[in-house]
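What follows is a set of notes on a single structure, which appears directly below.
The values are calculated or read from the model by the stated rules, or taken from the named source; none is laboratory data. Because the structure is a prediction, the values reported are computed rather than measured. Reconstructed Cβ throughout: ideal geometry from the backbone, glycine too, with neighbour counts over all protein chains shown.
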Ligand code: AMP
Ligand code: GLY
């Protein structure tokens with residue numbers, strides 16, 4: 001047998017999710033180097049195989065040029081914007097292997113109208129909805145006596161997680177419609193608007209890695225989207241997560257596979273857009289019945305920071321199998337542990353916040369077992385680590401139980417400080433009461 005070629009891997013993105021991707025990929029003996037474009041302060045400090053590349057995640061031609069010039073064997077796309085721009089299409093056209101969906105398949109995330117109509121065509125459980133393309137029609141619907149509140153109003157295009165409004169009555173609903181169609185707060189991303197039924201229940205996220213037909217499932221996770229304890233205040237990119245989420249029982253997972261994952265992959269293939277890469281299914285679970293709240297065309301952030309550390313098998317082998325069409329042959333084992341991640345954010349996030357704050361990290365973190373401090377908005381300036389974004393760290397810890405992983409994660413959070421640092425104090429507690 002010829003020896004396996006040492007691989008060069010490129011990761012596209014700059015958040016804690018991409019730091020976790022680098023961490024997982026770099027563990028494999030078969031990986032020689034990991035480049036991350038543009039990466040962050042944490043990936044800059046990893047050393048060894050890992051190096052940041054000063055290219056934006058949206059500079060597709062430059063990224064392809066880098067991949068060709070540096071003999072990159074596999075590219076993994078972390079964030080949604082390059083997927084919507086068609087990074088997978090241009091890499092494939094140049095015969096470069098890449099993990100992610102094509103631009104057409106990524107519409108499951110980049111167009112809520114496409115995803116809702118797709119689910120309707122294929123009988124996939126989701127909230128009832130209507131699509132509107134002008135303010136007049138949307139306002140008439142809102143004003144109709146048959147319309148019940150609360151309602152959920154969504155801009156169809158990508159809005160960095162800010163395009164969803166839950167409205168309790170007619171007046172706030174009409175205001176959102178004016179903002180979307182008249183003030184155009186999201187530009188073209190708000191040209192089409194979905195208005196849907198409000199779903200009750202608890203949310204969870206399920207991720208599949210797929211080659212278009214075959215798929216493997218990671219353990220289910222739960223995100224904490226609101227800024228404040230007790231799920232209060234504004235929506236954020238996610239303030240923490242834990243995995244596995246007990247709300248997703250084996251019975252629920254079975255329903256998710258049969259009613260959602262399988263028909264989604266089959267439907268996309270039948271319609272001529274085979275879905276490849278990571279499929280994120282955002283669920284609402286009500287009385288043991290799963291409904292799709294949203295699809296994303298990538299892994300979640302912060303869910304990745306708890307899902308990947310629980311994967312026992314070689315991650316890069318699974319990624320390689322997903323592009324070779326051998327996913328059903330590869331090992332995909334999980335650790336029998338729990339993981340929790342607590343996001344430390346800049347004071348003021350998700351609204352205005354300051355950056356450039358000096359960060360202090362206690363030295364003993366490096367020696368602690370079963371913990372990973374994933375960086376998001378950090379930068380290295382003259383050898384000093386400083387804040388550079390809204391979400392700054394995602395502090396992950398493992399434990400034999402969920403409680404142990406939560407306590408462990410918070411004990412590490414206390415060892416990190418910068419002016420204005422903010423975090424939720426109740427990450428994972430919902431999972432303890434199930
Ligand atoms: P999305 O970007 O579609 O995931 O929506 C962002 C968040 O809004 C979700 O994570 C839910 O918390 C909430 N949400 C979206 N759609 C609904 C719905 N139909 N019913 C209840 N909550 C929803
Ligand atoms: N955690 C939510 C997301 O990644 O979209």
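A few remarks follow.
- When the residues of region 212-230 are filtered to those that are in a loop (DSSP other than H, G, I, E, B) and within 14 Å of ligand 2 (Cβ to nearest atom), the one that is surrounded by the fewest Cβ atoms within 10 Å (Cβ to Cβ) is 225.
- Where helices (runs of 4 or more DSSP H) fall entirely within region 17-103, those with at least 1 residues that are within 22 Å of residue 207 (Cα to Cα) and away from ligand 1 (no atom under 16 Å from the Cβ) are at 80-85, 87-93.
- Where helices (runs of 4 or more DSSP H) fall wholly inside region 260-374, the ranges with 1 or more residues that are out of contact with any helix residue (DSSP H, G or I) (no Cβ under 7 Å at 6 or more places or on another chain) and farther than 29 Å from residue 120 by Cα are 304-307, 315-324.
- Of all residues in region 104-137 being within 18 Å of residue 209 (Cα to Cα) and outside any helix (DSSP H, G or I), the one that is farthest from ligand 1 (Cβ to nearest atom): 104
- Subset of region 29-42 (residues that are over 12 Å from residue 12 (Cα atoms) and in contact (Cβ under 8 Å) with a residue 24 or more places away in the chain): 30, 31, 32, 33, 41, 42
- Test: residue in region 250-263 that is farther than 17 Å from residue 284 by Cα and either in contact (Cβ under 8 Å) with a residue 60 or more places away in the chain or crowded, with 19+ Cβ neighbours inside 10 Å (or both): yes
- Near pairs, Cβ below 9 angstrom, 6+ apart or cross-chain, from region 292-303 (within 11 Å of residue 206 (Cα to Cα) and within 6 Å of ligand 2 (Cβ to nearest atom)) to any residue that is assigned to a loop (DSSP other than H, G, I, E, B) and modelled with pLDDT of 95 or more: 300/238; 303/218; 303/238
- Residues of region 1-16 satisfying the condition of being surrounded by 24 or more Cβ atoms within 10 Å (Cβ to Cβ), at negative phi and in a strand (DSSP E or B): 9, 10, 11, 12
- When restricted to residues that are in a helix (DSSP H, G or I) and touching a strand residue (DSSP E or B) at 6+ places or on another chain (Cβ under 8 Å), region 176-191 contains 6.
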